[in-house]
Amino acid sequence: MELKEKISRTFEERFGGEGTFYASAGRINLIGEHTDYNGGFVFPGAIDKVIMAEIRPNGSDKVRVYSIDIDEYAEFGLREEDAPSKSWARYIFGVCREIEKRGGKVEGFDAVFAGNVPLGAGLSSSAALESCFAFALNDLFNASAIDKFELARIGQSTEHNYCGVNCGIMDQFASVFGRKDHLIRLDCRSLEYEYYPFKPEGYKLVLLDSVVKHELADSPYNKRRESCERVAARLGVDTLRDATMEMLDAAKADLSGEDYKRARFVIGEKQRVLDVCDALTAGDYETVGKCMYETHEGLSKDYEVSCEELDFLNDLARRCGVTGSRIMGGGFGGCTINLVKDELLEPFVEKARKEFAERYGHEPKVYEVVISDGARKL
Ligand code: GLA
């Protein structure tokens, strides 16, 4: 059954009548990993995998919401002390609170939602959920007076204040600003952004999900961020955006080996994003791919956010002649993103399924993605 139809039926059964439909998307990131919270560049795009919600104000001060995919219902008030315990409901509660903290208005509402963004795969299902509700509540209660930058920040603050993940702005930004057939080069320091057409002729983007679950809260993710902040402080800069390899090398003796490696990755990655943007403009996919492999190497060896399964998939891509491949997102599990020539797609995916299953006892999940629009009213 179509997502919309499924939601509509469930809404009718639970609450009667109908509400308004909204959707927002998960994201991929071509390059620029762990650079967002370092004030650097990222290069993401929204994808054709969404979270969709039907929502209707209910005239009370209570939120009543049902998640079809998790098959759970939550009901909560809008004051700080009303925070629900279920983690999926905390995303929605957090969005409500963050809108109110900014002087926006939220009243009680009924909602049913579902989606097809794989969970815990590094495709930002949580950002999709946050931006779907932020967009909707802005439309329903605030006449869309909150601008899109603030909608992205509302999602990010929800992660910080209600979900324990000290993330950057990339996922929520991509989810709110995503545009069909375009990637977004975002400068995470100034929030200046530029859309780059992305419809590579003769190539496909395919994600191979290792199905290793990552949980960013309380995870080494926050520790990575702390490492970067320590190095920035030691170098006397606001963020690693302002640091160079020369500065880092000059301070090497004062840094732990681990902090040094973390910063080395981030400083290298900053330049790679710019190189990939130029290469893409020139239609030079070989350079795009080469940079993706370099990023994987850095994320695996220096930043240490890969895992055996993802290194295996990356190596397999290389062996199959795939143009570019790397672990994507926060890490500690999830997907590799692969830029594959059309004619190599089938043999590559087949080989990946077979060899991965032989080694780890199950196949990777395979998602072909198309760059699509972000948050919207349907
Ligand atoms: C997660 C975070 C983002 C970003 C990436 C790594 O997806 O939510 O802010 O830091 O990891 O690039």
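The values are calculated or read from the model by the stated rules, or taken from the named source; none is laboratory data. Just so it is clear, the structure is predicted and the values come from calculations on it, not from any experiment. When we count neighbours, we look across all protein chains shown, and the Cβ atoms used for this are built from the backbone with ideal geometry, even at glycine. The protein model used for the area step is the full one, side chains on, heavy atoms only, and it has no ligands, DNA or RNA in it. Shrake-Rupley method; radii C 1.70, N 1.55, O 1.52, S 1.80 Å.
I want to verify a result. In a Gaussian network model of the chain, Cα cutoff 10 Å, which of these has the top mean-square fluctuation: 179, 79, 64? Fluctuation is largest for 79. Look at the alpha carbon pairs under 8 Å that are at least 6 residues apart: their mean separation over the length of the chain gives a relative contact order of 23 percent. Can you send over the carbon and sulfur percentage of the accessible area for the range 222-378, probe radius 1.4 Å, protein chains only? Carbon-and-sulfur percentage of accessible area, whole number: 47. When peptides 24-30, 257-263 are sorted by average Cβ neighbour count within 10 Å, with the highest value leading, the order is 24-30, 257-263.
Hey, what does the equivalent ellipsoid look like for the chain, semi-axes from the Cα gyration tensor as sqrt of 5 times each eigenvalue, largest first, whole Å? Don't skip to the answer; put the middle values down first.
Working: eigenvalues 236, 125, 69 Å².
With the √(5λ) rule applied to the chain, the semi-axes are 34, 25, 19 Å.
The simple spin-label model puts a point 7 Å past each Cα toward its Cβ; for residue 318 and residue 343 those points are separated by 2.5 nm. Take 125-132, 143-150, 231-238, 307-314 and order them by the average number of nearby Cβ atoms within 10 Å per residue, most first; the result is 125-132, 307-314, 231-238, 143-150.
Using only the Cα atoms of the range 98-237, construct the convex hull and provide its projected area averaged over every direction, in square nanometres to one decimal. It is 11.3 nm². Distance from the Cα centroid of the range 178-194 to that of the range 228-272 is 25 Å (rounded to whole angstrom).
Over all directions, average the projected area of the Cα convex hull of the range 149-300 and note it in nm².
Values: hull surface 41.9 nm².
Reported value for the Cα convex hull: 10.5 nm².
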